[in-house]
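Chemist: Just passing along the structure, written as structure tokens.
The values are calculated or read from the model by the stated rules, or taken from the named source; none is laboratory data. These figures come from a predicted structure and were not determined experimentally. Note that we place each Cβ from the backbone using ideal geometry, even for glycine, and neighbour counts take in every protein chain shown.
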Amino acid sequence: MRRFWCVNLFVFVLAFVAFSLITQASYAATLKFDQTNISKSVGDTFSLQVIADPGVDPILSTDAFVLYDSNLLEATSVTDGTLFPSVNKNISSDKISIWGVITDPSKNITTSGTIATINFKALKAGTYTLTFFCDLTSSDTSRIVKDDANNTNVITCSQSGTAAVTITGSGNSPTANLTLTPTPTVTSVSSSDSSNPTNTPTPTVISTTASTVTPPTQLPQTGGLFDIFRTIAIPGMMLLVIGGVLRLLH
């Protein structure tokens with residue numbers, strides 16, 4: 001009988017831990033893009049929506065910092081989304097900053113939606129993965145602020161979305177330069193006239209080759225407190241339960 005209850009307790013703990021992990025993953029507050037894979041040619045333009053998902057918490061504001069490679073992509077503009085009534089944005093070298101905030105404290109955000117749309121132009125051939133800068137140890141990080149007394153940042157960094165961009169073609173397309181080299185030719189004239197040479201230019205084509213670019217190294221992403229709990233506390237709980245079960249069996 002004692003062994004039966006020990007086995008049941010062990011199974012219950014495992015089921016509880018698994019359920020907690022699944023629930024946390026399903027209802028985490030996250031930032032993501034509306035596309036995960038983008039293929040373009042040099043000179044093409046495309047748009048990418050930045051989406052905030054509050055999970056189960058009502059939120060007041062969102063800060064989204066998108067990292068990109070300015071050698072491969074040009075961020076031409078950022079337009080406001082519909083999730084927040086007030087949106088500010090800034091484009092700098094390799095980072096796009098977007099801030100969305102409510103204007104009426106009684107109307108917090110409880111649904112997922114678009115904060116802003118970023119418009120890009122493909123400059124050179126290469127690949128790069130757009131990411132959100134999310135580091136809970138940094139004061140200048142992406143965040144999703146909960147509607148509570150402490151303005152708690154509830155973002156889960158480890159579940160932030162990414163968008164892989166592939167650009168084909170050459171950033172510097174070969175161009176033809178014509179150099180005229182005179183070549184004398186003789187045309188027929190009447191017997192009473194002298195022969196006059198006429199120069200007919202022959203074009204010589206000079207080609208230029210395209211340069212290639214190596215994308216810079218991206219900043220690493222880091223997880224939140226839940227990642228620490230999952231990697232340390234949960235295995236410790238399971239070892240504790242297994243030890244208790246083995247002790248009861250003996």
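Chemist: Within the group D94, D53, which residue is on the phi > 0 side of the Ramachandran plot and either of a type in the set (D, E, K, R) or modelled with pLDDT of 95 or more (or both)? Please lay out each step first, then the result.
Modeler: Details: D53 fails: on the phi > 0 side of the Ramachandran plot.
The unique qualifying residue is D94.
Chemist: Shifting gears a bit: Restricting attention to region 15-44, and to residues there that are farther than 18 Å from T162 by Cα and in contact with a Gly (Cβ under 7 Å, 6 or more places away or on another chain), which single residue is modelled with the lowest pLDDT?
Modeler: The initial filter retains those residues of region 15-44 that are farther than 18 Å from T162 by Cα, namely 15-24, 27, 41-44.
In the following step, the residues that additionally are in contact with a Gly (Cβ under 7 Å, 6 or more places away or on another chain) were identified as 27, 41-42.
Numbers: Y27: 72, S41: 97, V42: 97.
Ranking the candidates gives Y27 first.
Chemist: Looking at L130, is it of a type outside the set (F, W, Y), crowded, with 17+ Cβ neighbours inside 10 Å, over 17 Å from F33 (Cβ atoms) and modelled with pLDDT of 95 or more? Before the answer, list the steps.
Modeler: Values: of a type outside the set (F, W, Y): yes; crowded, with 17+ Cβ neighbours inside 10 Å: yes; over 17 Å from F33 (Cβ atoms): no; modelled with pLDDT of 95 or more: yes.
No; evaluated as a whole, the condition is false for this residue.
Chemist: Cβ-Cβ below 8 Å, separation at least six or inter-chain, first residue in region 118-133 and among the charged types (D, E, K, R), second surrounded by 19 or more Cβ atoms within 10 Å (Cβ to Cβ) and part of a strand (DSSP E or B): which pairs?
Modeler: That search, which allows pairs on different chains as well, returns K121/L73; K124/I167.
For (1) more than 17 Å from R143 (Cα to Cα); (2) in contact with a strand residue (DSSP E or B) (Cβ under 7 Å, 6 or more places away or on another chain), each residue gets a yes or a no:
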| residue | (1), (2) |
| --- | --- |
| T36 | yes, yes |
| T45 | yes, yes |
| A52 | no, yes |
| S61 | no, yes |
| L67 | no, yes |
| S70 | yes, no |
| V78 | yes, yes |
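Chemist: How many residues are touching a residue at least 60 places away in the same chain (Cβ under 8 Å) and in a loop (DSSP other than H, G, I, E, B) if we restrict to region 46-92? Show your work before the answer.
Modeler: Taking region 46-92 as the starting set, the residues that turn out to be touching a residue at least 60 places away in the same chain (Cβ under 8 Å) are 46-52, 54-55, 57-69, 71-73.
Among the residues that remain, those that are also in a loop (DSSP other than H, G, I, E, B) are: 54-55, 57-58, 68-69, 71-72.
Residues that pass the stated criteria total 8.
Chemist: Looking for something crowded, with 17+ Cβ neighbours inside 10 Å and under 14 Å from the mean Cα position of the chain (by Cα) - is there at least one such residue anywhere in region 82-92? Spell out the reasoning first.
Modeler: So the first thing to find is which residues in region 82-92 are crowded, with 17+ Cβ neighbours inside 10 Å, and the list is 83-84, 87, 89, 91.
Now narrow it down to the ones that are under 14 Å from the mean Cα position of the chain (by Cα): none.
No, because not a single residue in region 82-92 is crowded, with 17+ Cβ neighbours inside 10 Å and under 14 Å from the mean Cα position of the chain (by Cα).
Chemist: Okay, moving on. If we keep just the residues of region 133-151 that are of a type in the set (S, T, Y) and surrounded by fewer than 16 Cβ atoms within 10 Å (Cβ to Cβ), which is modelled with the lowest pLDDT?
Modeler: Applying the first criterion (of a type in the set (S, T, Y)) to region 133-151 yields 137-139, 141-142.
Now drop any that are not surrounded by fewer than 16 Cβ atoms within 10 Å (Cβ to Cβ), which leaves 137-139.
Numbers: T137: 94, S138: 94, S139: 91.
Ranking the qualifying residues of region 133-151, first place goes to S139.
Chemist: Hand me the list of strands (runs of 3 or more DSSP E) wholly inside region 93-177 holding 3 or more residues that are under 20 Å from T62 (Cβ atoms).
Modeler: Working: elements: 95-101, 113-122, 126-132, 143-146, 163-168.
So the answer is 95-101, 113-122, 126-132, 143-146.
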